[in-house]
Amino acid sequence: MTINTQTQTISSVGITPVLLYIPLLSSGSPPQPAILVNVSSGASLTYTIEVTGDNVHSLSFVNSTTSGNWVPFTGASGLTSSYATTLGAVVTAVRLRVTAYSSGSATIQLVQVTA
């Protein structure tokens with residue numbers, strides 16, 4: 001079994017660097033990747049998990065709050081506490097956008113497992 005984990009932490013209003021969805025090539029259907037967000041104890045912040053289908057490997061790709069075709073992941077907008085889900089959509093990248101911040105941090109993790 002191989003586990004691919006990518007993690008980014010943010011402690012302000014803004015966006016994290018992108019976490020790349022890595023297509024898994026194996027026989028059968030690989031397990032869906034998991035998205036985990038851990039909000040630090042006592043944190044006061046609001047966040048949204050965003051996904052894109054953009055070609056994030058393109059030289060012209062820019063990860064900014066004003067460019068690209070980023071959309072909120074279903075059910076993961078305006079969150080204030082830790083959250084976990086599976087990525088049941090075809091996307092090229094995932095990121096965390098903190099929209100309101102007073103204190104604490106949020107860490108997003110994308111976990112993929114292959115047999």
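Read the figures in this text as sums done on the coordinates, not as results from a lab. Predicted model only: the values in this text are computed from it and were never measured. For neighbour counting, all protein chains shown are included, and Cβ atoms are generated from backbone atoms with ideal geometry for every residue, glycine included.
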>> What's the ranking of 33-40, 83-90, 6-13 by average number of surrounding C-beta atoms within 10 Å, highest first?
In response: 33-40, 6-13, 83-90
> Over all Cα pairs of segment 2-114, how is the pair count split among 5 Å bins, expressed in % and running from 0 up to the last occupied bin?
Replying inline: 2, 12, 24, 23, 19, 12, 6, 2, 1, 0
> Sequence-distant or interchain residues sharing an amide H contact under 5 Å with Ala93, placed H: which?
Replying inline: Tyr21, Thr52
> Rg/Rh for segment 38-94: what does it come to with C-alpha atoms and Rh from Kirkwood?
Replying inline: 1.02
> If you average the sequence gap of Cα pairs under 8 Å that are 6 or more apart and divide by the length of the chain, what percent do you get for the contact order?
Replying inline: 53 percent
>> I need the phi-derived Karplus couplings for segment 93-101: 6.51 cos²θ - 1.76 cosθ + 1.60, θ = phi - 60°, integer Hz, Gly and Pro marked x.
In response: 7, 10, 8, 10, 10, 8, 9, 8, 8
